[in-house]
Amino acid sequence: MTAVLISSLSAGTSPAGAASPPHATPDLGQNVTVFDPGMPVADIQAVLDAAHAAQVDDEMGVNRHAYLFKPGTYGTAEQPLQIKVGYYTEIAGLGASPTDVVINGKVEVYNRCLADGGTANCLALVNFWRTLSNLSINVNAAGQDGCRSSANFWAVSQAVSLRRLDVTGGTLSLMDYCTAGPQYASGGFIADSRLPAVTNGSQQQWLTRNSEVAGWSNGVWNQVFSGVVGAPDEAGFPDPPYTTLDTTPLSREKPYLYVDARGRYNVRVPAARRNTRGVSWAAGLTPGRTLPISDFHVARPSDSAQDINRQLARGKNLLLTPGVYDIARSIEIRRPDTVVLGLGHATLTASRGSTPIDVADVPGVVIAGVTIDAGPRKSPVLLRVGAKHGHRHGSPANQSSPSNPTTLSDVYFRVGGPHAGSTDVALEVNSDHVLIDHTWVWRADHGVEGFTDTQRWNTNLGRNGAVVNGDHVTATGLFVEHFQQYNTIWNGDDGTTILYQNELPYDPPTQADWMNGAVEGWAGYKVGDRVRKHRLYGAGVYVFNQNNPQIHTENGFEVPRRPGVRLHHIMTVNLSAGVIDHVVNGDGEAADTTKVGAPVYVTDYPAP
C-alpha cells in the first residue's frame, strides 16, 4: 500500500487551514488520491482495484473518493491500466486539456449482480453516483477475455456523467452485454467529449451534448443529441427514437481542477456559450477564467455551515473535498460569480430541517459536483436559487444575467435511500437566467431505511422535485423521479428543457393518495397555466405503481394550450403496473399493461 501513501494528498502537506508553499500540492483531504505518471502501473492498479472492491456494492454507503491523474501517460500496450469505477467515485485528469492525461487501457462500469452471491439479477439500473472526466482513453483490452475485449463498457444509470473525454482505439458501449447478456440501463449524460463509435444498446434514455461521435447505434426509448457533431438524424422518429438539435441554445461546461506547467493547482471556470456544437477544447484551452486554488476555501466534512459561510463572506470560493457534510443551516451564496465545486460526490445532508444551499439573486454563481440529501426533519427546500418571496422578474433585486447565468452542473438530490428524508421541494429556481446542466432529483424508490412501500410513502416525504419560477431558465439533462405531486412544475416564462426523464412514484398506497383534486394523479411534467412560451425536447414519463397496480394517472404531461408552448418528441411508457391514460392534455393513447415496455409517443404537441 506504499502507492496510496505516496500519492495521498494528505501525506506530507500543510495542516488544514495553514498556507501552502507556492507550488505545493494542496491538502485536499484523505479521500483524494493523486497519481503521478512516474508511479509503477502495478501500484496504481492495486490502489484502484482495492477502491472498486470497496465501492462496487456500496450503494447507500458514506464513503466518497476522488482519484486524480497528473498530466502524463498511464499504462502501456503491454501493461494497460484497467480501471473499474464504483459508487461515489470520481476519476479525473488534472490537465488543462483532456489530451494532457492519457490512459492506455480502459475505464469501465459493469452490470451489478444483486442475487445468488453476485451471480444473478445482473443489471445496470442502480449503477448511480460516479464521475469520469478530463482525460483521454486509448482503449486497450489486453488481458481481457473475448467479450470484454470488444468495447470500453460504461453501463450506468442516473447521477453519472462523462465530461471532457477523448476516447480512441476502440468502441464505447453504454451497456454491458458480457455480464448475463444485455440488460437494461436507465439514463446518462455525456458532454464536451470526442468519442468513437458508440453502442447505446439497452440504455432507456440518454443525453449527449456538445460532443463529437464517430457513430451511434441503438436506442430504447429516448435518446437526445444537442450540438453533437456526427449525431444521428431524427428523421423517422420514433424508429429510431432520436431527438437531435443542431446546436445547444445555452451551455456552460463544468469547472475542473487542473495543474499548470509550473505545478500550480487551479480551477478553470468555463464561460457560458450560446448556439454551439462540438467540444469546447478543440482549439485550445476551454474559454473561461482561471482561479488559483488559493482563491478557494478547501472544506472538510468536519466543517460546519458557519465555518463555510465565514470563508464565503471573506470572498473565497468553495471546494468541497469528498465526504458527507452535516448541514444544520444554509450555506449562503451571496457574491456574484462564486464557484462551489465538489470532488468525489461530496454530499451535503440537511439536518434540523435546513436548506443546505441558498443562492442569492446574483449572476454567475456556479455549483458543480455536489449531492444534496434530505434529512429526517422536513426541509422547505434543499437548494434554492433566488429569493423565495417578493420575486419580480426584471426587478433590481433580480440581478440575473443572460450572458452569465447561474449554473448547476452535476448537482444531485436524494430524499430517502440511506436514511429517512423529507422535504417539500428539492430544487427551487426563482432567479431568471439559470442553467441546469445535468441533475438527478430523486425521491428514493428503494433504500436501507427498512420501510415497506406504504411506510416509505408516509415517511420519505417529497412534494415536488423541481420547481422553476424564474424566466429564461434552461435545463440540459433534467432527471426527476418519484415525487408525491407534480415531479416538475415550470412556472417561469421562456423556459427550455432538453431531455426530461421522469418516473412517477412507485408507492402511492391507494388512488385516493394519488389525486390532484378531482383529477386522477399528477403529471410528471407540469408547465404553469400562465406560461406563454416554453420548449421541451425529448421527454419521457414512466409508470410503475408497484404498491397498487390499479392506480391511474390522467396525463404524463400537462401544459397550457398556447402557440408558444411546444413539446417535441414526448412519450409515456408502462413498466408493468398502473396506467397513464394520456400522454399530454388528453392526447395520446393509454400507457397500460397491454403495452408494457412499449412507449406511447406524441411527436409534436400541439400538432403542426
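Restricting to the range 256-293, name every residue that is of a type in the set (D, E, K, R) and more than 22 Å from the chain's Cα centre (by Cα).
If the condition is that a residue be of a type in the set (D, E, K, R) and more than 22 Å from the chain's Cα centre (by Cα), then 260, 262, 264, 289 are the ones that fit.
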query = Among the listed residues 167, 160, 156, 198, which satisfies the condition of being among the β-branched types (Val, Ile, Thr), closer than 29 Å to residue 571 by Cα, over 16 Å from the mean Cα position of the chain (by Cα) and modelled with pLDDT of 95 or more?
reply = 198
query = Can you name every residue in the range 428-451 that is out of contact with any strand residue (DSSP E or B) (no Cβ under 6 Å at 6 or more places or on another chain) and under 19 Å from residue 374 (Cα atoms)?
reply = 444, 445, 446, 447, 448, 449, 450, 451
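For every residue, the table says whether it meets (1) surrounded by fewer than 20 Cβ atoms within 10 Å (Cβ to Cβ); (2) of a type outside the set (Gly, Ala, Ser); (3) not assigned by TED's automatic domain parsing to the domain that holds residue 204.
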| site | (1), (2), (3) |
| --- | --- |
| 512 | yes, no, yes |
| 524 | no, no, yes |
| 568 | yes, yes, yes |
| 571 | no, yes, yes |
| 583 | no, yes, yes |
| 599 | no, yes, yes |
| 604 | yes, yes, yes |
ask   = Among the listed residues 135, 114, which satisfies the condition of being in a strand (DSSP E or B), in contact with a strand residue (DSSP E or B) (Cβ under 9 Å, 6 or more places away or on another chain) and within 22 Å of residue 409 (Cα to Cα)?
value = 135
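Which one of these is more than 20 Å from residue 183 (Cβ to Cβ) and surrounded by 23 or more Cβ atoms within 10 Å (Cβ to Cβ): 143, 105, 38?
On inspection, the qualifying residue turns out to be 105.
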Subset of the range 177-192 that is within 17 Å of residue 128 (Cα to Cα) and at pLDDT 95 or above - its residue that is nearest to the chain's Cα centre (by Cα) = 189
query = When you scan the range 427-479, how many residues do you find that are β-branched (Val, Ile, Thr), buried (at least 20 other Cβ atoms within 10 Å of the Cβ) and assigned to a loop (DSSP other than H, G, I, E, B)?
reply = 1
note = Just one listed residue, out of 553, 594, 572, is modelled with pLDDT of 95 or more, in a loop (DSSP other than H, G, I, E, B) and of a type in the set (S, T, N, Q), and it is 594
request  = Go through the range 326-348 and give me each residue that's closer than 14 Å to residue 308 by Cβ, part of a strand (DSSP E or B) and not hydrophobic (A, V, I, L, M, F, W, C).
outcome  = 326, 332, 342
inquiry  = Go through (1) in contact (Cβ under 8 Å) with a residue 24 or more places away in the chain; (2) over 18 Å from residue 237 (Cα atoms) for residue 590 and report which single condition fails.
reply    = (1)
task = Mind telling me which of the residues 342, 284, 369 ends up being on the phi > 0 side of the Ramachandran plot and either without any contact (Cβ under 8 Å) to a residue 60 or more places away in the chain or surrounded by fewer than 19 Cβ atoms within 10 Å (Cβ to Cβ) (or both)?
result = 284
remark   = Scanning the range 169-197 for residues that are surrounded by fewer than 23 Cβ atoms within 10 Å (Cβ to Cβ) and either within 23 Å of residue 126 (Cβ to Cβ) or touching a Cys at 6+ places or on another chain (Cβ under 8 Å) (or both) gives 177, 178, 179, 180, 181, 182, 183, 184
task = Give me a count of the residues in the range 74-92 that are in a loop (DSSP other than H, G, I, E, B) and among the charged types (D, E, K, R).
result = 1
note = Here the residues within the range 509-561 that are on the phi > 0 side of the Ramachandran plot and over 23 Å from the mean Cα position of the chain (by Cα) are 517, 521
note = With criteria (1) within 28 Å of residue 433 (Cα to Cα); (2) surrounded by 15 or more Cβ atoms within 10 Å (Cβ to Cβ); (3) under 24 Å from the mean Cα position of the chain (by Cα), residue 246 comes up short on (2)
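The values are calculated or read from the model by the stated rules, or taken from the named source; none is laboratory data. Just so we're clear, the structure is a prediction, and the values are computed from it rather than from any experiment. Note: ideal-geometry Cβ built from the backbone for every residue, glycine included; neighbour counts use all protein chains shown.
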